[in-house]
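Written below as structure tokens is the structure these notes are about.
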């Protein structure tokens, strides 16, 4: 039950933060999957824990809004790469400006060691869940 409560709270906060970039939380999630490099829709889905169909729907909306663009994929003729545009980077930057003070407020309730332990445990949980697929 605690997992659902935590997820619900995070999604509520994410929706509010994403509004700072004039996007939704799911758009932010997909943009987050391509900030460092262009990726295929399937790769984004695997990386961000989303279905390929869900990513495709959001990707098309991001492209329509000019926040992302499709590029040819030299490794695969049919699976194009989704890349963040300058407008997409700026949307995420605006969100980051709001997210940082929020994260600092929440994080101030914990020691650095506790936060490191939580992060490491979450990464181990994700790896265990991925291995169990």
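Over the chain, the alpha carbon radius of gyration divided by the compact-protein estimate 2.2 N^0.38 Å works out to 1.15.
Normalised by residue count, segment 51-123 yields a Cα convex hull volume of 148 Å³ per residue.
Stokes-Einstein diffusion coefficient for segment 31-71 at 37 °C in a medium of 0.692 mPa s, Rh from the Kirkwood formula over Cα pairs: what value in µm²/s?
Value of D from the Cα-based Kirkwood radius: 327 µm²/s.
Length available on full extension from residue 57 to residue 78: 0.36 nm per residue minus the Cα-Cα distance, which gives 5.9 nm.
Sort 20-29, 106-115, 77-86 by packing, meaning the average of other beta carbons within 10 Å per residue, with the highest value first. Spell out each step's value before the answer.
Working: 20-29: 19.4, 106-115: 9.9, 77-86: 15.5.
Output ranking for 20-29, 106-115, 77-86: 20-29, 77-86, 106-115.
With 5 Å bins beginning at zero, the pair-distance distribution over Cα atoms of segment 11-89 amounts to 3, 18, 28, 27, 17, 4, 2, 1 %. Extension gain for residue 118 to residue 89 (0.36 nm times residue separation, less C-alpha to C-alpha distance): 7.6 nm.
Quick note: the coordinates plus some simple rules give every number you see, no bench work behind them. Not measured: the values here are computed from a predicted model. Note: ideal-geometry Cβ built from the backbone for every residue, glycine included; neighbour counts use all protein chains shown.
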